[in-house]
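Trainee: Quick one: the structure is below, questions incoming.
The values are calculated or read from the model by the stated rules, or taken from the named source; none is laboratory data. Please read all numbers here as calculations on a predicted model, not as lab measurements. Cβ coordinates were reconstructed from backbone atoms using ideal geometry, including for glycine residues, and neighbour counts include every protein chain displayed. SASA here: full protein model, heavy atoms, side chains in, ligands and nucleic acids out. Shrake-Rupley method; radii C 1.70, N 1.55, O 1.52, S 1.80 Å.
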Amino acid sequence: MAAPLDSAKNNDKFIKMTTEPVEKLVFTLGLPSIMIMIVSAIYNMADTYFVASLGTSEVAAVGIAFPLMNLIQAIGFFFGQGSGNYMARVLGAKDTENASRMAATGLVTGFIVMAAIAAILIVILGPFVGFLGATETIKPHAMDFIFFILLASPWMVAATILNQQLRFQGSASIALVGIMSGAVLNIFMEPVFIFIFGWGVKGSASATMICQFISFCILYFYGCTRKGNIRINFRHFSPTVKRFAEMFRGGVPALLRQGLMSVANIIINHFAGFYGDAAIAAISIVNRIVMFANSVVLGFGQGFQPICGFNYGAKIYSRVKKSFWFCVRVACGGLFAICVLLEVFAPQIIALFRKDDPQVIAIGTLSLRLNCISLPFMGFATMCNMITQTMGVALEASIIAMARQGLMLIPILFIMRPIFGLLGIQMATPASDLLSLAIIIPLTMKVLRQISIPDGTIDTRAVKTHSDKVVDIE
């Protein structure tokens, strides 16, 4: 039984999400999300930038930690987007009690799971760092950095979950306050801990640990206690099979996308290690720069997701489709403009991180320019993943999420590296981006046919989905 709305503000939000022009809504909700993603990318780039001044092996150590950071983000996205997708749909159906139970269950479960994983990895830290691809010269620095990241990881996951849940409720601006507060503080704390305290890479990770906890506190005490948002009531923690099934359906595409990215980066680290610490350091720097470019599109797409979720739950399919194509045009155009700048200024951008190492600059410049060939097309791929995931079309969303990193990038790395050496590693990412479109385009067109029909109805012949109605999981 659907619970009535507990305040007029909830109903105002529903009206806003289902009636305002989608172009205005996408920008209104997307701008805070873009800022969150940019700030998060700067958060990560700050580690690389400040640590780079310590040496090539030190900055390579941050690159070795990159797959772990992806794994932590994957777990946060799994529970955050898994619970948030469902919350958006039930809020579209005006069922706030079900949304509250899902919010508490997603947050508590995510924290416990990450804490357990972190405890295990701390016990086997040495072998784990070797598994990530650290060379003997990189390993001591990587162990120092990763130890503190693992200590911070439960709070990193919890902050990500709250961020996603607030965003799916249409409260991206509130989520921005929590993420930005921690990120800005981290940028000021890192140089103090690294240089003034003389802690080196330990100082970078320690600053990150403290700031992630502060972000979580702000998101919880500021965001989840405000009127119009679902309040986290820990008594509503309700771990049922049906609730986890809904969470899995909405979150597994993000888990696959980020998890396979982590696997691909581990393979890249091992392959690049054959060509020295400079190769790992250069590729690490390029990964951070490309992540920064992608963060703009991801933030824009995250502004689209609550619109998609609310209107899909309310069966206003014309608005879902209209907002999707609007986001595709803006995302692809924006990435193209960014890539022009990256192509032209690639050497200068890489030199910002390691100006004293010409080998890092040479390897990084070519890698960055090759990535720019395919990057604009990722605007379309990202939006395809967003719409299928938010609609709860689990199979199609999962395949689209796996297409680039799992189905394409990993096999291409094993094919191209023996043939082309380091150049093969550098070419693998753009090649996988372009080839993955052959999978993404037909699957997305199939899903879009489902919503190319009158509002309030659904074409079950187009694609099977469990989300054409709100499921009561009490």
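Trainee: Which of the residues belonging to the stretch 95-140 are outside any helix (DSSP H, G or I) and either among the hydrophobic types (A, V, I, L, M, F, W, C) or touching a helix residue (DSSP H, G or I) at 6+ places or on another chain (Cβ under 7 Å) (or both)?
Mentor: Result: Ile124, Leu132, Gly133, Ala134, Thr135, Thr137, Ile138.
Trainee: Does Phe168 count as aromatic (Phe, Trp, Tyr), under 22 Å from Tyr86 (Cβ atoms) and surrounded by 20 or more Cβ atoms within 10 Å (Cβ to Cβ)? Show your work before the answer.
Mentor: On the way: aromatic (Phe, Trp, Tyr): yes; under 22 Å from Tyr86 (Cβ atoms): yes; surrounded by 20 or more Cβ atoms within 10 Å (Cβ to Cβ): yes.
When the stated conditions are applied, Phe168 passes them.
Trainee: Right, something else. Residue check, Ser238 against (1) more than 25 Å from Leu395 (Cβ to Cβ); (2) part of a helix (DSSP H, G or I); (3) polar (S, T, N, Q), all met but one. Which one?
Mentor: That leaves (2) as the condition not met.
Trainee: Here is a further query. Kindly state which helices (runs of 4 or more DSSP H) lie completely within the stretch 275-375 and contain at least 3 residues that are open to solvent by less than 10 Å² (accessible area, probe 1.4 Å).
Mentor: In the stretch 275-375, the matching helices (runs of 4 or more DSSP H) lie at 277-313, 317-344, 358-374.
Trainee: Kindly indicate whether Ala331 is among the small types (Gly, Ala, Ser) and either under 16 Å from Ser367 (Cβ atoms) or without any contact (Cβ under 8 Å) to a residue 24 or more places away in the chain (or both).
Mentor: Taking the combined requirement at face value, the residue does not satisfy it.
Trainee: List pairs: first residue in the stretch 173-184 and touching a residue at least 12 places away in the same chain (Cβ under 8 Å), second residue buried (at least 24 other Cβ atoms within 10 Å of the Cβ) and among the charged types (D, E, K, R) anywhere in the structure, Cβ distance under 6 angstrom, at least six positions apart or on different chains.
Mentor: Within 6 Å, the pairs are Ala175/Arg167.
Trainee: Checking the condition open to solvent by less than 10 Å² (accessible area, probe 1.4 Å), at negative phi, among the hydroxyl-bearing types (Ser, Thr, Tyr) and modelled with pLDDT of 85 or more, which residue from Thr444, Thr429 passes?
Mentor: Thr444
Trainee: A further question follows. Among the candidates Ile387, Ile399, single out the residue that is in contact (Cβ under 8 Å) with a residue 40 or more places away in the chain, open to solvent by 40 Å² or more (accessible area, probe 1.4 Å) and more than 25 Å from Ala60 (Cα to Cα). Break it down into steps so the answer makes sense when it comes.
Mentor: Working: Ile387 fails: open to solvent by 40 Å² or more (accessible area, probe 1.4 Å).
It is Ile399.
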